[in-house]
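Notes for the one structure printed next.
Here, each number is a calculation from the coordinates, and none is a lab measurement. Just so you know, these numbers come straight off a predicted model, no measurement behind them. For neighbour counting, all protein chains shown are included, and Cβ atoms are generated from backbone atoms with ideal geometry for every residue, glycine included.
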Amino acid sequence: MNYDRRMASREMPDNGLVPSCTYVIEKLMKKYNRYRIEGVSDHVFCAINLKSEKKFNVDLEAHTCACRVWDITGIPCVHAVAVIRQRRESWVKYCSPYFTVEKFRAAYAGFIFPIANEEEWGK
């Protein structure tokens, strides 16, 4: 498994996010237009649902949202995606470092050698 993932990481962009994270963000991008964004400060925004008028405070500096999804997963929630997209900023900056290709490669950089057959074990 380490070998397969190490080989797969060679196809990933050097300064990007792992495909699973990119997939989640792309799914959320389809829903971002359901929110109106209002600025509160330089790094705090309010995402307001256009239908229900529910409000979600998004803090880009702290990487948090009132819905708590971003806090728990490390991947921006739909509210944060709406804010980040409006600001035209890099997703990498707002995702947990564990979702970067760099960390993925580091996780699978080591080698795990198989153990000998059981018959060859000393008893």
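Miscellaneous remarks
- Residue exposure sequence - His63, His43 - by fewest surrounding Cβ within 10 Å: His43, His63
- Sites excluded, chymotrypsin sites (Phe, Trp or Tyr not before Pro) in DSSP loops with at most 13 other C-beta within 10 Å, longest stretch of the chain: 1-110
- Sorting Val81, Val92, Val101 by the number of Cβ atoms found within 10 Å of their own Cβ, with the fewest placed first, yields Val92, Val101, Val81.
- Taking the average, over residues, of other Cβ atoms within 10 Å as the packing measure, peptides 49-55, 73-79 rank 73-79, 49-55 from highest down.
- Overall, the range 2-120 carries a charge dipole of about 880 debye about its Cα centre when +1 sits on the Cβ of Lys and Arg and -1 on the Cβ of Asp and Glu, all other atoms neutral.
- Per residue, the convex hull spanned by the Cα atoms of the range 2-120 amounts to 131 cubic angstrom.
- Value at 222 nm in deg cm²/dmol, rounded to 500, when DSSP H runs of n ≥ 4 in the chain each add -39,500 (n - 2.57): -9000 deg cm²/dmol
- Taking the C-alpha atoms only, the angle from helix 78-87 to the longest principal axis of the chain is near 70 degrees.
- Among Ala109, Ala66, Ala82, residue whose mean-square fluctuation peaks in a GNM of the chain (springs only between Cα atoms under 10 Å): Ala109
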